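A quick write-up on the structure given underneath.
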Amino acid sequence: MGKMRTHRKSWALALGVFLAAGSAGATRQYRGGAVATAHPMASEAALKMLNKGGNAVDAAVAAAFTLAVVGPYHSGLGGGGFALVHDAKTGETRALDFREVAPQAATRDMYVKDGKVVPGLSTDGALSVAVPGAVAGYLELLEKHGKLSRAVVLQPAIEAARAGFWVSPKYQAIAKARRDCLGQDPEAARIFLVKNAEGALEAPPIGHQLRQPDLARTLTTLAKSGPAPFYTGALAQAMVDTVKAGGGLITREDLKAYKTRTHAPMEGSYRGHRLLTMPPPSAGGVAVVQTLGVLEKLRPQGLAFRDPEEIHLYAETLRRAYVDRTKYLGDPAMVQIPLERLTSSGYLADLAGSIDPKKATPSVSLLPPGEDAGGSTLKKPDAGWYDPSTSSEKKNTTHVSVIDKDGNAVALTTTVNYGFGSCVVAKGTGILLNDQMDDFSARPGVPNAYGLVGYEANSIAPGKVPLSSMSPTLVFSKEDPKKVMLAVGSPGGSTIPTTVIQVISNVVDQGMDVTRAVGEGRVHHQYLPDELWVDQWGLEAATLKALEAKGHKLRRLPAWGDAEAVYSDPRTNLRSAASDPRNEGTALGQD
Ligand code: GLY
C-alpha cells in the first residue's frame, strides 16, 4: 500500500509538472510504452507484446509482421526496409539495413529497350523483383534485441492471416489502382481481388474479410524454424519458381547469399537535439541531416510558423539537398559517397550561402547538363514531365515507431515499394514480392515512379542495393543526448524525408504535441520536377501568393505521407504517440 501511495504521488507530481509546462493537449499521455503504426491491428499486436513484458523491439517486430498481413499494399515478407534500434541501457543505437538487393543476373540497362525505359517493366511483374530482406531483418532484430520468443511475437500476424482483416477504404483504393497489375498474376488476383457478377476481377468491397491461409502457414513456418526456409528452403524454391516462370531473375543462390547490413547511424543535430537517422543506402537520412542543418543556420528561432520566408528557405534547402541525392548517393558498398563532406558544417554553410532569400533558384541551373558522372544530359524539367498526382494511390511503404517504458526505441520503415509491390505472389506461400528494382535509376536522368532522378551512383548492378528515401529517425533529448525524445518515420517515396523533417520541426521549433506535429499540412520540394508541392490544407492563400511572388511553381496535391511518431517527454517521462490523421493507423500506449 505504502508503495502504491508513493507511486500515485509521484504520478500526480509528474502530471503537475507536465501541466505547468504548458504542453497538455488532447494527446493522451502514457506512463508505459507507446506505439504508432499504420494499422490498428499492428498497433494492437505491438501493445500486446509490451503488455507481455516485451521491449520496443518485440513490439516493433510484432507490428511489422502484422503489417505484412493487413497492409500487403505497403509492406510484407517479400519486401525490405531499415530500422534504427536504440538500447536505453547501453545508450547505443544500431542502424539495420534489410533492404532488397539486385539479383546477380541484373544488368544496368535491363529496363531499357531501343534507348528508352520500358514503362511498367521495373514496377509490375517478376522482372521488377529484387532479393527480399524483410524476413532476415525482422527476425535478426528479434533475435539480437528482443526478449520474447518468435512464436509469441509472430502470433498476432499468424492470427490476422488466418482469421482475416476487413478491407478498408485505403486497401480498396490501392487495389483499384493496381488492379490490372494484380490481375496479371493468378495467385495475387486470387488473394487480393474478387470477381464481380460478370466474372471480372475487381478490388474487394469495403468490409470484405480478407483471409490468407497460405501466408498463415508461411508465418507459422518462420515462427518454428526462423529465416532458413525463406532463404534456403521450400519457401525459397517457391519464390524462385514463380519469379522464373514470370521472366524474373532471382535464383536460389541470390536468396542464399542475402545478408542484412549494419551501419553506423547517420548523426546530425537540430537546435541542440542530437538526431540519428539512416545513412546510405537511404538518401532520406542525408536529406534530413542536411536540411535541418542548413535551416538551423538560416531560419532564426521563433520565426512565425508558416511564414512565407520560412517556407521559402525550407524549399530552397530541399532543392539543394535533392541535387546532392541525385549526384552522389547510391549503395555505399559500391559507390564512393563523400558523406562526411556533404554533412559537414562548412558544406552546410556553403549550401545556406547559395540560397537567395528573395528568389527561388531554378532547378535546372543547379546541375548543368553533362556535369555529372555518366555525362548524361539533364532533361529540361517541366510540370508535365512527372505528374505526382497520377500515382499517389500506387506509392507505398509503412512505418512503425515504438518507445517502451524503459526508453528503448525503434523506428522501422519497411516497404514492398509500389502498392502491392510487383503484384507477384510466390505460389502456395502467400508471399507478395517487391518491385524495389524501380528504386534504381533505370536510365540516368530519367525519373522513377516517384519522380526521382538518379545518375551512375544509383545505376543497376548485380548485388547492389537500390537507393531509398526511407528515413526512420530518432531525436534525442537536449538535456540527455542518449535519451530518445522522438521516434518518427513515414511512407511517401520521395516525400518521406520532408515529412520527417516537418514533424521534427513542428515538435522542436513550435513545441507542438505529437498529434499536432504529425497532423499539420505539408510542403515538399525535391529539385525535380521544379515545383513546390503543397498538400491540400498545407498553406493559406496569402502564403501561396507570397511564394509564387518569389518564383516558386506551386502544385496543390491531395495529402501525402503517413507519419507515425512516438514522443517521450524529457521532463515528465510520459510518452505520447500519434498516427497520421490522413490515414487509417492507430497510436496506443500502456497506462
Ligand atoms: N521504395 C521506397 C523507398 O525506399 O524510398
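The values are calculated or read from the model by the stated rules, or taken from the named source; none is laboratory data. Given the structure is predicted, the values throughout are model-derived calculations rather than measurements. Every residue, glycine among them, receives a Cβ derived from its backbone with ideal geometry; neighbour counts consider all protein chains shown.
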Please verify whether LYS478 is surrounded by fewer than 23 Cβ atoms within 10 Å (Cβ to Cβ), within 16 Å of the ligand (Cβ to nearest atom) and not in a helix (DSSP H, G or I), treating the condition exactly as stated.
no
Selection status of ASP180, under 14 Å from THR429 (Cα atoms) and assigned to a helix (DSSP H, G or I):
no
Within segment 534-591, considering only strands (runs of 3 or more DSSP E) that don't extend past its boundaries, which have at least 1 residues that are more than 20 Å from LEU318 (Cβ to Cβ) and not aliphatic (A, V, I, L, M)?
564-568, 575-579, 586-589
Condition test on GLU296, is it within 26 Å of ASP356 (Cβ to Cβ) and surrounded by fewer than 22 Cβ atoms within 10 Å (Cβ to Cβ)?
yes
Tell me, yes or no, whether segment 503-510 has at least one residue that is under 20 Å from VAL294 (Cα atoms), more than 16 Å from the ligand (Cβ to nearest atom) and in a loop (DSSP other than H, G, I, E, B).
yes
Selection count where residues are surrounded by 16 or more Cβ atoms within 10 Å (Cβ to Cβ), of a type in the set (A, V, I, L, M, F, W, C) and free of Cβ contacts under 8 Å to residues at least 60 places away in the same chain, scope segment 163-193:
3
ARG271 versus (1) of a type in the set (Lys, Arg); (2) over 28 Å from GLY80 (Cα atoms); (3) within 16 Å of the ligand (Cβ to nearest atom): which is the lone unmet condition?
(3)
Listed by first then second residue, the pairs whose first member lies in segment 461-477 and is on the phi < 0 side of the Ramachandran plot and basic (Lys, Arg), whose partner is more than 9 Å from the ligand (Cβ to nearest atom) and part of a loop (DSSP other than H, G, I, E, B), with beta carbons under 7 Å and at least 6 positions apart or on separate chains, are LYS464/ALA102; LYS464/ASP331; LYS464/MET334
Tell me which residues, restricted to segment 274-323, are among the small types (Gly, Ala, Ser) and within 16 Å of the ligand (Cβ to nearest atom).
SER282, ALA283, GLY284, GLY285, ALA287, ALA321
Going residue by residue through segment 435-452, is there one that turns out to be more than 16 Å from the chain's Cα centre (by Cα), within 16 Å of the ligand (Cβ to nearest atom), under 28 Å from PHE192 (Cβ atoms) and modelled with pLDDT of 95 or more?
yes
Please find, among GLY551, GLY521, the residue that is in contact (Cβ under 8 Å) with a residue 40 or more places away in the chain and surrounded by fewer than 24 Cβ atoms within 10 Å (Cβ to Cβ).
GLY551
